[in-house]
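Questions regarding the structure given below will be posed in turn.
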Amino acid sequence: IWLAPDGLVHILWTERALDERLREDLFPDEKQSHALNYAVLKEGEVIFRQPIMFSDDSDELHPGRGRFQITPDNRLFIFFYVHGRNADIRENRLLEILQDHSLSAPVKVNLQRPFISFFTATVRGGSEPSNIIDVYGQDEKNEMRYARIRIITD
């Protein structure tokens with residue numbers, strides 16, 4: 001969640017159609033989908049909603065969790081995880097949500113071992129807006145790691 005200076009509330013969340021633990025036994029014929037979603041609320045009402053990334057069983061890439069990063073000039077970025085259906089691709093990406101709520105093209109963040117689950121230093125947690133993303137979390141080897149990622153803005 002991010003409460004912007006203009007009073008709009010930005011939210012980010014993940015959705016899956018089915019719980020993978022129940023799928024094989026209870027829903028073997030149902031289609032699975034994965035989504036990283038974004039919405040904007042004004043006075044408690046959703047005024048904008050869109051997926052950051054959506055995939056189903058036929059897609060090669062699936063989104064994981066994401067976190068907002070707010071810069072000192074109130075630009076809004078999303079740092080998120082993407083993985084391949086067969087675990088052949090694991091990477092973190094970064095994109096910007098522009099003023100009109102459109103999305104910039106996602107950029108791969110080149111890390112030796114990407115974060116599959118992570119926390120960032122957020123404004124909501126008391127950190128100042130920054131062009132640096134401080135990330136702490138788990139990689140694919142279940143090891144805890146830390147990274148500082150600089151957002152280069154034009």
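Exactly one condition in (1) open to solvent by 50 Å² or more (accessible area, probe 1.4 Å); (2) within 19 Å of THR153 (Cα to Cα); (3) not hydroxyl-bearing (Ser, Thr, Tyr) is false for PHE54; which is it?
(2)
Still on this structure, please answer the following. Considering only residues that are at pLDDT below 90 and of a type in the set (A, V, I, L, M, F, W, C), look in the stretch 55-97 and name the one that is farthest from TRP2 (Cα to Cα).
The selected residue is ALA87.
So which of LEU94, LEU18, LEU98 is aliphatic (A, V, I, L, M), out of contact with any Phe, Trp or Tyr (no Cβ under 6 Å at 6 or more places or on another chain) and either closer than 27 Å to GLY126 by Cβ or surrounded by fewer than 17 Cβ atoms within 10 Å (Cβ to Cβ) (or both)? Can you show your working first?
Numbers: LEU94 fails: out of contact with any Phe, Trp or Tyr (no Cβ under 6 Å at 6 or more places or on another chain); LEU18 fails: out of contact with any Phe, Trp or Tyr (no Cβ under 6 Å at 6 or more places or on another chain).
Selected residue: LEU98, the only one of LEU94, LEU18, LEU98 that is aliphatic (A, V, I, L, M), out of contact with any Phe, Trp or Tyr (no Cβ under 6 Å at 6 or more places or on another chain) and either closer than 27 Å to GLY126 by Cβ or surrounded by fewer than 17 Cβ atoms within 10 Å (Cβ to Cβ) (or both).
Open to solvent by less than 60 Å² (accessible area, probe 1.4 Å) and in contact with a His (Cβ under 7 Å, 6 or more places away or on another chain): does that describe ALA35?
Spelling it out, it is not the case that ALA35 is open to solvent by less than 60 Å² (accessible area, probe 1.4 Å) and in contact with a His (Cβ under 7 Å, 6 or more places away or on another chain).
Among all residue pairs at least 6 apart or on different chains, which show Cβ distances below 6 Å where the first residue, located in the stretch 26-47, is on the phi < 0 side of the Ramachandran plot and the second is of a type in the set (A, V, I, L, M) and in a loop (DSSP other than H, G, I, E, B)?
Every condition considered, the pairs that remain are PHE27/LEU18; GLU30/LEU18; GLN32/ALA17; GLN32/LEU18; SER33/ALA17; VAL40/LEU8; LYS42/LEU8.
The values are calculated or read from the model by the stated rules, or taken from the named source; none is laboratory data. Just so you know, these numbers come straight off a predicted model, no measurement behind them. Every residue, glycine as well, gets a Cβ built from its backbone with ideal geometry; the counts of neighbours run over all protein chains shown. Note: areas computed on protein heavy atoms with side chains; ligands, DNA, RNA excluded. Shrake-Rupley method; radii C 1.70, N 1.55, O 1.52, S 1.80 Å.
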